[in-house]
Amino acid sequence: MSPPLLAVEHVAVHIGGLVAIADMSFEVPAGRIVSLIGPNGAGKTTAFNVITGYMPPTKGRVLFEGQPLSGLPPERIAARGVVRSFQRTSIFGACTVFENALMALHLRGRAGVFGALLRLPSARREEERLRAEAVALLELVGLADRAGTVASVLAYGEQRRLGIALAVAARPRLLLLDEPAAGLNPSETAECTALIRRLRDERNITVLLVEHDMAMVMRISDTVVVLNQGRIIAAGPPDAVRDDPEVIRAYLGAVPEADGVLHAPA
Amino acid sequence: MRYFLPWAFLALLAAVPILLPDPYTLSVLASAGIFIIGAISLNLLLGYTGQLSLGHAAFFGLGAYASALTTLGFDIGIGFGQRITLAPQPVWFGFLAGIVVPALFGWLLGRLAFRVRGAYFVIITICFAQVLRLLTLNWVELTQGPMALSGIPALSLWWPGLDAPIALFRKDQIYWLVLAVAAVAFLLVRQVVRSRIGRALVALRENETLARSVGIRVTHYLVIATVISAGIAGAAGSLFAHSVRIVDPDVFLFIYTVTMVIMVVTGGKGTLWGPVVGGLLFGPLPDLLRGSAPPEAQWIAYGVAMILIVMFLPRGIVPAVASLWPRRAAAKPAAVAVEAEG
Ligand SMILES: Nc1ncnc2c1ncn2[C@@H]1O[C@H](COP(=O)(O)OP(=O)(O)O)[C@@H](O)[C@H]1O
Ligand SMILES: [Mg+2]
């Protein structure tokens, strides 16, 4: 049997005296949508930081297609095919939406110094291809008509979509999305859900999702991994996880309400 | 119109020696042009990567010395009774050395300095220029120290059918030479900035964390920018050496770096035309002040200019002027950060 696309093996992260992740192991099989959920401060973003090379694990290792990622910087991990989006909207604010897309398409090009300096025909052809890809990318997330707009003046929902587009641009094989629906209204959330499905179905991208919107998580995920205080307390298909008593307790007695969102008390 | 304007501007500049054949004016403009080339190269670093090199005169001075020493030749002892000797080489070979040597140092400095960015990069570049100044002052056998390298030959031109190369002595010849090199430098930086490499530089400047997440290698691209920048600054230094025809350790002085920084910041960093506009304003200043004012006047003028710019045009002249044409800015998707030139 071939190894899972991503394997997180006994990862621990200590930040100063604080244990952000105590001991975490889970797998993401190719072609699946796996969700990582848990209350605020559970260690979800920290897990993303470790997988994508922004933070070294204190213990344990991360394997992508059986090869260790630990020790590689984020840009090398991206080149391997693992790209993440950020919980706090991250875009190139001073640049236009189109420029944002072109910048994020970096790994789709190869042109080097001499190609650029001498405007070699190969570099020009590549530039045309990248521009076409940028247009297609913006169409995918419904921002094509905003191409000329400076990214910082986009509406919040548009900025979120641009953030996802930037992560998708490099055509990752594993896409890590950190709370993509945070702050979105119900119709935007539905669009976001549809987009993630399309990425998996049409572009064959495996997705690891961190999200607080339980309705979305339950609808979209093949597997749900529940993290609490740096430890995995449950993992399995959405239905099984939803009814797990320890999961319900982790949300401090929060009960799924009519909208399906688990409301943790403030 | 947009394509026509830069060429008309170049034609106008090329016509200056015919319209205004005054040798003093031409020599002032030529020396301004040399610093504009330096400013164009600095802009690639300061404007597009956001890294402030306060030792940029180091690359300029290295270009001047490398070019001068290659054309003059040298014979130095390196201890243990060994000597390194170089016979005088053709001037264009010197010009080439004036580009390659600073570019190599740019690579080395970039490799070392970009592990630590921001304030540390500023400090390392300042030290780099100071060390070179001390080295050229004290390594008398190679550089003549404070006595200066003199008798540097002028650059020359030759094409098939010509009996002997034409040495470029006259002020109008030097002016045209500087203009040609400046135009090439401008075009090279423009190509880089509008390419995949330029976008990587701007991405790193705007949001390094995000840039890395999409696979942009930080050190790799900052080093590329430094090498290109150093090479172009070296070409300016070489032009300086072969037009003034004497080089002393003062080429590494801090005031030269500050001159280039003021040009870039005033004109608009991160815009293609910024260093040209800033350079045309400040380039002739030292020559105009010389003789009529004490040396401190240059520093005072820079200080005043800096305060005015920060107060009234924080992004520089070119972005301010470009924003007067909102229609064009809106019609052009590729505006703002990557190319805010008019
Ligand atoms: N860079 C950091 N410095 C200090 N503490 C951190 C840092 N990153 C995360 N933490 C801590 O680690 C724990 C997990 O945080 P995080 O991974 O952001 O949680 P989540 O994304 O699940 O809400 C929290 O207690 C948080 O305060
Ligand atoms: Mg988080």
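The values are calculated or read from the model by the stated rules, or taken from the named source; none is laboratory data. Since this is a predicted model, take the numbers as computed values, not measurements. Here the Cβ is made from the backbone with ideal geometry for all residues, glycine too, and neighbour counts use every protein chain on show.
As a summary of the residue check, A:P39 satisfies the conditions (1) modelled with pLDDT under 90; (2) surrounded by fewer than 16 Cβ atoms within 10 Å (Cβ to Cβ) except for the one numbered (2). Can you tell me which residues in segment A:50-93 are within 16 Å of ligand 2 (Cβ to nearest atom), within 14 Å of A:L208 (Cβ to Cβ) and either without any contact (Cβ under 8 Å) to a residue 12 or more places away in the chain or in a strand (DSSP E or B) (or both)? A:R84, the sole residue that qualifies. Which ones in segment B:282-296 are of a type in the set (G, A, S) and under 13 Å from B:T259 (Cα atoms)? Scanning segment B:282-296 gives a single hit, B:G283.
This table checks each residue for (1) surrounded by fewer than 18 Cβ atoms within 10 Å (Cβ to Cβ); (2) within 13 Å of ligand 2 (Cβ to nearest atom); (3) of a type in the set (D, E).
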position: A:E9; (1), (2), (3): yes, no, yes
position: A:L18; (1), (2), (3): yes, no, no
position: A:I21; (1), (2), (3): no, yes, no
position: A:V34; (1), (2), (3): no, no, no
position: A:G43; (1), (2), (3): no, yes, no
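Considering A:A116, A:A111, A:A151, the condition of being at pLDDT below 95, buried (at least 20 other Cβ atoms within 10 Å of the Cβ) and over 23 Å from the mean Cα position of the chain (by Cα) is satisfied by A:A116 alone. Within segment A:165-205, being part of a helix (DSSP H, G or I), closer than 19 Å to A:G31 by Cβ and within 14 Å of chain B (Cβ to nearest Cβ) holds for A:A167, A:V168.
Within segment B:183-217, the set of residues being at the interface with chain A (Cβ under 7 Å from one of its Cβ atoms) and not in a helix (DSSP H, G or I) comprises B:S195, B:N207, B:V214, B:G215, B:I216, B:R217.
Being crowded, with 18+ Cβ neighbours inside 10 Å, more than 16 Å from ligand 2 (Cβ to nearest atom) and within 14 Å of chain B (Cβ to nearest Cβ) is the requirement here; does A:A235 meet it? Answer is no for this residue. Please work out if A:R84 is exposed (fewer than 15 other Cβ atoms within 10 Å of the Cβ) and basic (K, R). Criteria not met by A:R84. Scoring A:L5 on the criteria (1) within 16 Å of ligand 2 (Cβ to nearest atom); (2) more than 14 Å from every other protein chain (Cβ to nearest Cβ); (3) within 21 Å of A:N204 (Cβ to Cβ) leaves a single failure, condition (1).
Restricted to segment A:23-57, and to residues that are near ligand 1 (Cβ under 9 Å from one of its atoms), farther than 21 Å from A:D222 by Cβ and of a type in the set (G, A, S), which residue is nearest to the other protein chains (Cβ to nearest Cβ)? Among them, the one singled out is A:G43. For segment B:5-35, a residue qualifies if it is in contact with a Pro (Cβ under 6 Å, 6 or more places away or on another chain) and within 25 Å of B:P102 (Cα to Cα), and exactly one does: B:A32.
Does at least one position in segment A:126-134 carry a residue that is within 8 Å of chain B (Cβ to nearest Cβ) and closer than 16 Å to B:L210 by Cβ? No: zero hits. When the residues of segment A:94-111 are filtered to those that are in contact (Cβ under 8 Å) with a residue 40 or more places away in the chain and more than 7 Å from chain B (Cβ to nearest Cβ), the one that is farthest from A:A169 (Cα to Cα) is A:V97.
Scanning segment A:1-22 for residues that are away from ligand 1 (no atom under 12 Å from the Cβ) and in a loop (DSSP other than H, G, I, E, B) turns up A:M1, A:S2, A:P3, A:P4, A:L5.
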